[in-house]
Every structure is written in C-alpha cells, then in structure tokens.
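Everything below concerns the one structure shown next.
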Amino acid sequence: MNFNQRRALLGQEFVKWYQAKPTAYAQAPGRVDLMGSHTDYNLGFVLTQAIDRNIWIAARPRDDGIMRVRSLDIDGCGEFDLKQIEYNRKLPWTNYVGGVAAILKEGGYNPIGFDGLVHSTVPIGSGLSSSAALEVSSAILFDTFGKLNLDWVEMAKICKRAENDFVGMNCGILDQYTSVMGEAGCILLLDCRTITHQAIPIASGLQVMICDTRAKRELTGSEYPERRAQCEEGVRILAGFYPEIRSLRDATLEQLQSRKSDLEPVVFKRCKFIIEENQRVLDISKALAAGNHAKVGDLALESFVGARDLYEIVSSEMIAMKDAIMDSPGAFGVRGAGAGFGGCMVAFVKDDEIDNFADSVQQKYSELTGIDPDIYPVQAAPGAGLLSFSIPHS
Ligand code: GLA
C-alpha cells in the first residue's frame, strides 16, 4: 500500500466508524537499536534509528471531553473520559493513547479529546516499538488539537511517563525519543543521561536488515523489571565503594571486577553486560562512520553473546536466527533488537547482497525452526509529525 492508498483507506474507514471526515493525520515511526540493549535505563548510550515502518492515526477533535480510539488492525473501540481517565482493561492497547492524555493532564496541560483511527506498519510486540509509535502519534494529535506547543524532548518524556506510570512498564527513554527525534538518513547516538543525541554518519556499503523471528514471546512480564532491578542493585552496592557511581553508566569494568565478591553472581553478570554494551555503542559508532564492516560485525556478535550469556535475554529462536544469518551471503553480524526474548533481530549486511541474504535466511531459519520469518531492509526515517492538517469548514 502506498502513501495515498493508505491515506484513502484510513479516510474511508474513519467515515464509516465516526460518520465524519478526519481533519488530521499524525505519524510516528518504530525504531531499531543498532547497539545498546538495556543501556537506556542505566543512563548510558544507545545507537538507534527511526525506521520506515510507522503508525498513522487519522483523527478529528471533539468538544465534549471524550476520546475514542479504534484500530484497523484490532477490533474494538476504546473510550476515555478526559475528566477522569481510567485504565481500559478490555482493550489494553488503547491505554498507550489514554496514558498520554493522563500524563499531559498531570503536567498541567489541557488535552482535547478526539476520535482516532490507527493503522500500523510496525509489527506489534516484536521489538520495534509499536507502543512508543502509538504514544508518540497520539501526542502529536494532542499537541495539535490542544495547541500545546510541546517541546520535542518534553513530548518524548511525557510518552515515556505514560508507559511507566499509566501502562505500568518501566522502560527507559529509547523508544519514545527515537520515535520523536528520528532523522531521515541518520543514525542517532543517544545519550540517555543528558537526553540528547548526535547524528552518526554511516559509510556506504552496509544495509541494516530486520530479521523477525516471528516466534511467540513467552514472557511473564517480570523479566524486564527484574533485569532493571538487578542493575539497580549493582549500582547500590558499587556506589558504597565508589560514590561517583550513580548509574552503571559511571562504572568501569575494573571497578566491577574488584567488587565481584560483594555482588550476587547474577547481578555481576547483568552489570558486566551493561558496562560492556555501553562501550560497544561508542565503538560501533566509530566503526560505522569509518566503514569498518568487519569491526561492526564483531561488535554485533559480542553483543549477541553477552545478551545470551550475561543478560540472558536470548531465546532459542534468536539463536537459530543468528545461525541462519551468519550462514548467509553478505552477513557481517547480528544482534537482538529491543528488549530481547524473541521478536526481531538486526543484521548488518553487505548492501549488494540484500536479496540473496533474505532468501537464504528465510530458507535456513524455517528449516531450523519450522517458522516462516520476516526479513526486510529498513531505512533511517524522520521522526513523528503531522502528515497533513486542515480545519474543515463545517
Ligand atoms: C524496550 C524498552 C526500552 C529499552 C529496550 C532495551 O524496548 O522499551 O526502553 O530498555 O527495551 O534496550
């Protein structure tokens, strides 16, 4: 579906559900992290890019303090009363929209309700941040309809708080920041302490490929907060010896090593991964800029191994995918994307081998697992914004 077809489809469906035309379309992209798993809530670095897969919301403001949201991808309509925003248990995905309104209100802003219809080309729940794309596209609409004049970084922070405080997932700033601040053709080196970024140039010859394992993630929901708590425990103990350590971002491997006996083995492993992964972000940024593809590949594989053995976020399908990738033409390296535990992986591939690579991975991975994967290239895309906006006469 091209741009115009997608817009026409959303427009037609919108009229069907809401009996009026939309007056605005917002878009917000998904993201892929090229390096830096779980470094964001440790206030470290992430190398990230917005991708050319996004969420669109067609919308029309309302004047009765009600917000309604539907999706072309999932049945049902979520309704929120903006005077008293309550968590929607029946349609959990709509809380990413309601949550943004709730946090805006908490911050003293006055969000205006709207009817919204969502369409996503970001695969849901597979590690490419469909939830952040939904929060951020909603924030664009609240900003537009309520004339809130939100600063971009403030918008990312509000969306993160919506996920932390309203949805109940204690993620870091990576997903929301990338979705808001993405730049076409640019890779962002994000500093999660200062919440700023620097654009990293990429030498030619290399293509970023998404390799979706399409394996069902069997998560209880406790894995992510557990990892986070283990890192915080490491910081608490290390800070007792080294007061300058306020997050794992501040710790060195030498400091960690010298206090090994003071830490639970599992906490030691988690901290080691984060400290090494943080350094890999800086190293891969240099290697990408210099076009040192062998080094890019080595760093990606080191990240994969650390994620598997130290942070323990790699599933059996991810291992099969890594084997299929490294056995395919043009592959330099591969690592898990997002939180891990299944979902998508990111491969660095020679740009003139994309088709051969995709065919080979497709075949090898399905032979290994019996699952048909999804393999595709992504381009660095611009951050969120309005697609068009016009006030109707009636
Ligand atoms: C999820 C979270 C992010 C980040 C990644 C792992 O995507 O939402 O904040 O922690 O996992 O790097």
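Condition first: at pLDDT 95 or above and assigned to a loop (DSSP other than H, G, I, E, B). Can you find one or more residues in the stretch 261-276 that meet it?
Checked against the condition, which is being at pLDDT 95 or above and assigned to a loop (DSSP other than H, G, I, E, B), the stretch 261-276 yields at least one hit.
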Quiz item: Inside the stretch 61-143, counting only strands (runs of 3 or more DSSP E) that do not spill past its ends, which hold 2 or more residues that are away from the ligand (no atom under 16 Å from the Cβ) and under 21 Å from MET155 (Cα atoms)?
Solution: 66-71, 114-120
Practice problem: Identify, by number, the condition in (1) within 11 Å of the ligand (Cβ to nearest atom); (2) of a type outside the set (A, V, I, L, M); (3) open to solvent by 20 Å² or more (accessible area, probe 1.4 Å) that ASP52 doesn't meet. | Solution: (1)
Quiz item: Failed condition for ASP212, given (1) open to solvent by 20 Å² or more (accessible area, probe 1.4 Å); (2) closer than 24 Å to VAL349 by Cα; (3) not aromatic (Phe, Trp, Tyr), with all others met?
Solution: (1)
Self-check item: Odd one out for THR220 among (1) part of a loop (DSSP other than H, G, I, E, B); (2) within 14 Å of the ligand (Cβ to nearest atom)
Solution: (2)
Self-check item: Answer from PHE348, PHE357, PHE341 - the residue that is among the aromatic types (Phe, Trp, Tyr), in a helix (DSSP H, G or I) and open to solvent by less than 60 Å² (accessible area, probe 1.4 Å)
Solution: PHE357
Self-check item: All positions within the stretch 144-173 that are in a loop (DSSP other than H, G, I, E, B) and either more than 16 Å from the ligand (Cβ to nearest atom) or not aliphatic (A, V, I, L, M) (or both)
Solution: GLY146, LYS147, LEU148, ASN149, LEU150, ASP151, GLY168, ASN170, CYS171, GLY172
Exercise. Using the structure shown, decide if VAL136 is in the same structural domain as TRP93 (by TED's automatic domain parsing) and farther than 26 Å from MET318 by Cβ.
Key: yes
Quiz prompt | Test set (1) out of contact with any His (no Cβ under 6 Å at 6 or more places or on another chain); (2) within 16 Å of the ligand (Cβ to nearest atom) - LEU188 fails condition number | solution = (1)
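The values are calculated or read from the model by the stated rules, or taken from the named source; none is laboratory data. Keep in mind it's a predicted model, so treat the numbers as computed, not measured. Positions of Cβ are backbone-derived with ideal geometry, glycine not excepted, and every protein chain shown enters the neighbour counts. For the accessible areas, the whole protein counts, side chains as well, though only heavy atoms, and no ligand, DNA or RNA atoms are used. Shrake-Rupley method; radii C 1.70, N 1.55, O 1.52, S 1.80 Å.
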